[in-house]
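*Asks:* My structure is below; once you've seen it, I'll send some questions.
The values are calculated or read from the model by the stated rules, or taken from the named source; none is laboratory data. These figures come from a predicted structure and were not determined experimentally. Here the Cβ positions follow ideal geometry from the backbone for every residue, glycine too, while neighbour counts run over all protein chains shown. To get the accessible areas, we keep the full protein, side chains included, count just its heavy atoms, and leave off ligands, DNA and RNA. Shrake-Rupley method; radii C 1.70, N 1.55, O 1.52, S 1.80 Å.
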Amino acid sequence: MDKICVVGGKPLCGELCVKNAKNAVLPMLGAVLLCKEPMTIPDCPHLLDVDNMCAILNHLGSECIWNGDSLMVCTEGANKYEMPDKIARELRSSIFMLGPVLARFGHAIFSYPGGCDIGSRPIDMHLKGLRALNVEIKEEGGHIYCDGGKMKGASIHLDYPSVGATENLMMAATAAEGVTTINNAAREPEIEALADALNSMGARVTGAGTSSVTIIGKLPLHKGEFLPLPDRIVAGTFLTAAAVTGGDVTVKGARGDHLHSVLSKLEECGCRVIAQKGEVRCIGPARPKELHLVETSPYPGFPTDMQAVFMALCTIANGTSIIFENVFDSRFRIAAELACMGATITVKDRMAIVRGVDRLNGANVNACDLRAGAALVISGLRAEGLTTVFNAQVIDRGYEAIEDTLSMLGANVVRVSGD
Ligand code: UD1
């Protein structure tokens, strides 16, 4: 088990570059199965989730080759359609393989996916959508057996704009006879990035980024291009870290237009935010003001993936803040960890009331999930004394060596690997 040790007290200052978004790269690592030619993802982040997706692709018979920050995947040899149980159970995004595996082989055998422990993460909408595409699905002994030999286009309504279900169904629909429309689709920038990639491969996907996405199926697909999409959550995390520490951080490559809801909250708590082409800068106040309401919702609303780091911000704000978590049902587990550092948080169902304190104390805390882990490290930067964040490898699922980036920005932080 890795731990990250932070000695607080220094404002974060400087610049960092943001790479392609994890949440855009993961579905792309499913989409590569839609053609037999090698595809390359440039500027690909070296993350645990990416490694796990590569392990799944390798297991299916593909080859993944890193060349610096470029990841090439060659699926010509792919010849299996059964997911490796262990990795699939650990990784929620393994579900992104379901649509492409069905499109490629007409069959798929899956296990229920795992991922961060942030509440129940069912896949009912994925399966309902696939059934609408005429996929026969049997669920038995923790496995899902799918026969998609005769996929047909359909009009699908999602009960909730699920990011993963929208992406999975878009990829499956490329192999369905006729036209598929996904209504109440998710509108995240990552959906548009996937649509652009599919279109560059010869697919016809329209409406991505709106609530209605249409796919014309059965077009011949060939290798295509993955256009860059900077990681808005990584960018938002470091900009918020500037707010927590009273620092001055510029994220090169960040897109302000993908971060409206986050940047407006940073301004509300007293930060100076300068968003221009190709970068976003945040200058934090000595002590942030309270936030009357932070409420997570699907894009373009405030992202659930930024909720934990905003809770960290609110713990040292000058007043009482209210946070509502509307996307996942168990994403306040960080509150108990922050309490060990002296934070005052009351959680009631989906609402957290955070009473700002003058100072946090260093403590031993546990990275209960990916984003919470990053938020605890950032809280440690503001706390007095030493904070040790245990289970730190979970942070590697979404941030490349977070301790190196923070050190570069002047933080006093090290990782200790092993038990
Ligand atoms: C994606 C992101 C994740 C982000 C989340 C919400 C990736 C790899 N991950 O996750 O970082 O936090 O979007 O922005 O892109 N749901 C169901 N049934 C389903 C599918 C989802 O009930 O079949 C529920 C989930 O439990 C959750 C909500 O819908 O409450 C949103 O989930 P979804 O948008 O699907 O998130 P993911 O795609 O898993």
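*Asks:* Roughly how many Å² of residue 415 are accessible to a 1.4 Å probe, to the nearest 10?
*Replies:* Accessible area of residue 415: about 60 Å².
*Asks:* Can I ask one more? Taking only protein heavy atoms into account and a 1.4 Å probe, give the accessible area per residue of the chain in Å².
*Replies:* With all protein chains present, the chain gives 38 Å² per residue.
*Asks:* Give me the count of lysine pairs in the range 25-216 whose alpha carbons sit under 27 angstrom apart, restricted to pairs 8 or more positions apart or on different chains.
*Replies:* 15
*Asks:* Take each of the peptides 139-145, 39-45, 73-79, 18-24, average the number of other beta-carbon atoms within 10 Å over its residues, and list them starting from the highest.
*Replies:* Highest-to-lowest ranking by the protection proxy: 18-24, 39-45, 73-79, 139-145.
*Asks:* Any number yet on Rg/Rh for the range 25-216, C-alpha, Kirkwood?
*Replies:* With Rg and the Kirkwood Rh in hand, the quotient comes to 0.93.
*Asks:* Would you work out the relative contact order for the range 25-216, in percent, from Cα pairs under 8 angstrom that are 6 or more residues apart? Each step should come with its number before you reach the end.
*Replies:* Numbers: 401 pairs, mean separation 32.2, N = 192.
Relative contact order comes out at 17 percent.
*Asks:* Here's something else I'd like to know. What is the packing order of peptides 197-203, 27-33, 358-364, taking the mean over residues of other C-beta atoms within 10 Å and listing the highest first?
*Replies:* Going from most to least packed, we get 27-33, 197-203, 358-364.
*Asks:* So how much accessible area does residue 328 have, in Å² to the nearest 10, using a 1.4 Å probe?
*Replies:* Result for residue 328: roughly 40 Å² accessible.
*Asks:* For residue 206 and residue 227, what is the calculated FRET efficiency with R₀ set at 25 Å and r taken between the beta-carbons, to the nearest 0.05?
*Replies:* My answer for the efficiency is 0.90.
*Asks:* Residue 22: which lysines have alpha carbons under 18 Å from its alpha carbon, excluding same-chain residues fewer than 8 sequence positions away?
*Replies:* By straight Cα distance, residue 22 reaches 252.
*Asks:* Hey, another quick one. Can you tell me the orientation of helix 22-31 relative to the chain, as the angle in degrees between its alpha-carbon axis and the longest Cα principal axis, to the nearest 10?
*Replies:* The helix 22-31 is inclined about 10 degrees to the chain.
*Asks:* Could you check how much of the accessible area of the range 250-334 is carbon and sulfur, as a whole percent, using a 1.4 Å probe?
*Replies:* 50
*Asks:* To the nearest 10 square angstrom, what accessible area does residue 15 show with a 1.4 Å probe?
*Replies:* For residue 15, the solvent-accessible surface is approximately 110 Å².
*Asks:* Here is a follow-up. Run the accessible area of the range 13-55 with a 1.4 Å probe and give the carbon-and-sulfur part as a rounded percent.
*Replies:* 55
*Asks:* With a cut-off of 8 Å between alpha carbons and a minimum separation of six or more residues, what is the relative contact order of the chain in percent? Working shown, then result.
*Replies:* Working: 1081 pairs, mean separation 86.2, N = 419.
The value is 21 percent.
*Asks:* Students sometimes get this wrong: rank 3, 86 by accessible area, probe 1.4 Å, all chains present, largest first.
*Replies:* 86, 3
*Asks:* Identify the GluC sites (Glu not before Pro) of the range 222-313 meeting these criteria: DSSP loop state and at most 13 other C-beta atoms within 10 Å of the C-beta.
*Replies:* 225
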